[in-house]
Amino acid sequence: MELDEKDIRRFQNTLRDHSEYDFTEYSLTCLRRRLTRILLEYEKSMEEIMDAMRSDGRFLDEVVKKITVHTTELFRDPEVWKKLRQEVLPAYRDRPSIRIWHPGCSTGQEVYSMMMLLSEMGMLEQSRIFASDINPDVLEIAGEGTYKYHFNQSYLENFQKVLFGETDTHHSSLRQHWKKYFHIDETRDMIRMRDFLRDKPVYKKLDLVKDPNFFLVKFDLIVCRNVIIYFNDELQNRVFRLFWDNMEEGGTLVLGVHESILGPCSKCFLKKDSFYQKKPA
């Protein structure tokens, strides 16, 4: 089932005209991939999908949620987390307050990874954690902090790599360390984060396309990985400007390993390895 640019533009216009969402500046390649999966799942044509969106608000919301669901993992890309631990976070150690924002947080594994790392560094108490996403369903999952054990089992190895290095930590002692942060119930296939982690973040629904910073604070660290890759160049630069405007001087922006800042906003940040530091105006 091949969708051409005309089909995608019609979908974008239908969504914009019948909802609060505007995907007209999303990457056509990413939208084509997501829409193709939606057509196969519902076994409908593009015209049938758009007719249903116009007449059924609940169906429209379902489509939006399917497009905006992004996968996330505990300590995804361990090397990035190691560099955060070694090169970025120590600079904030002596500050009385550290404000960290995770835009596009999805189901929250990255938020919990950050809090576990901060706890290991003795910096969690002074940190204020903020997280947002366009999709309210994933924010609810993030707030609950409950995940499938077998799905996340392999990612727990990343926990070891980031916190203990490549040493062969004994499995029983590692599981004992995990208990500080989450409870594992293999019979129910469940990982549940401890209350002191679940209660700390402030979550808000926020659309990076059109919304301002609802948290009304400036941030020392913004972690936005594997989100802007879904936007076209113009929208990416608007989002980077939003980040710049809402960062403290010398603040740090973390993007995904396959993302970078191009265009006008490249002059607003100093690239340091896989991180970007805010330049003064």
Only one of K6, K65, K83 is closer than 30 Å to Q277 by Cβ and in a helix (DSSP H, G or I), namely K83
Could you list, in sequence order, the residues of the stretch 173-228 that are aromatic (F, W, Y), in contact with a Leu (Cβ under 8 Å, 6 or more places away or on another chain) and either open to solvent by 40 Å² or more (accessible area, probe 1.4 Å) or under 15 Å from I129 (Cα atoms) (or both)? Y203, F214
Filtered residues of the stretch 204-259 (kept if assigned to a strand (DSSP E or B) and of a type outside the set (D, E, K, R)): F219, L221, I222, V223, F231, M247, G250, G251, T252, L253, V254
With the requirement that a residue be in contact with a Phe, Trp or Tyr (Cβ under 8 Å, 6 or more places away or on another chain) and closer than 18 Å to K82 by Cβ, what does the stretch 254-275 give you? V254, L255
Filter the stretch 231-252 down to residues that are surrounded by fewer than 22 Cβ atoms within 10 Å (Cβ to Cβ) and under 15 Å from the mean Cα position of the chain (by Cα), then give me how many there are. 2
Selected residue (criterion: nearest to D233 (Cα to Cα)) from residues of the stretch 36-62 that are free of Cβ contacts under 8 Å to residues at least 40 places away in the same chain, of a type in the set (A, V, I, L, M) and in contact with a helix residue (DSSP H, G or I) (Cβ under 6 Å, 6 or more places away or on another chain): I38
Out of everything in the stretch 112-170 that is open to solvent by 50 Å² or more (accessible area, probe 1.4 Å) and hydrophobic (A, V, I, L, M, F, W, C), what residue ends up being modelled with the highest pLDDT? I141
Which ones in the stretch 1-13 are surrounded by fewer than 17 Cβ atoms within 10 Å (Cβ to Cβ) and of a type in the set (D, E, K, R)? E2, D4, E5, K6, R9, R10
Is there any pair with a first residue in the stretch 6-18 that is charged (D, E, K, R) and a second that is assigned to a helix (DSSP H, G or I) whose Cβ atoms are under 6 Å apart and which are 6 or more apart or on different chains, and what are they? D7/M46
Determine, yes or no, whether K271 is part of a strand (DSSP E or B), open to solvent by 10 Å² or more (accessible area, probe 1.4 Å), within 25 Å of E25 (Cβ to Cβ) and among the basic types (K, R). yes
Does the stretch 116-130 include one or more residues that are among the hydroxyl-bearing types (S, T, Y) and either in a loop (DSSP other than H, G, I, E, B) or under 24 Å from I229 (Cβ atoms) (or both)? no
Residues to consider are I38, I98, I49; find the one that is more than 22 Å from K210 (Cβ to Cβ), open to solvent by less than 10 Å² (accessible area, probe 1.4 Å) and over 25 Å from the mean Cα position of the chain (by Cα). I49
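Name the residues in the stretch 14-35 that are of a type outside the set (S, T, N, Q) and open to solvent by 60 Å² or more (accessible area, probe 1.4 Å), would you?
Residues satisfying the conditions are R16, D17, H18, E20, R32, R33.
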List the residue pairs whose Cβ atoms are under 7 Å apart, where the first residue sits in the stretch 148-160 and is part of a helix (DSSP H, G or I), the second is at pLDDT below 85 and not hydrophobic (A, V, I, L, M, F, W, C), and the two are 6 or more positions apart or on different chains. Q160/T169
Which one of the conditions (1) touching a helix residue (DSSP H, G or I) at 6+ places or on another chain (Cβ under 8 Å); (2) under 16 Å from C105 (Cβ atoms); (3) touching a residue at least 40 places away in the same chain (Cβ under 8 Å); (4) β-branched (V, I, T) does V257 fail to meet, given that it meets all the rest? (2)
Check H102 against each of (1) modelled with pLDDT of 95 or more; (2) farther than 30 Å from Q160 by Cβ; (3) not acidic (D, E) and name the one condition it does not meet. (2)
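The values are calculated or read from the model by the stated rules, or taken from the named source; none is laboratory data. Bear in mind the structure is a predicted one, so any value in this text is a computation, not a measurement. Ideal geometry is used to build each Cβ from the backbone, glycine not excepted, and the neighbour counts take in all protein chains shown. We work out accessible area using only protein heavy atoms, side chains counted, and drop any ligands, DNA or RNA first. Shrake-Rupley method; radii C 1.70, N 1.55, O 1.52, S 1.80 Å.
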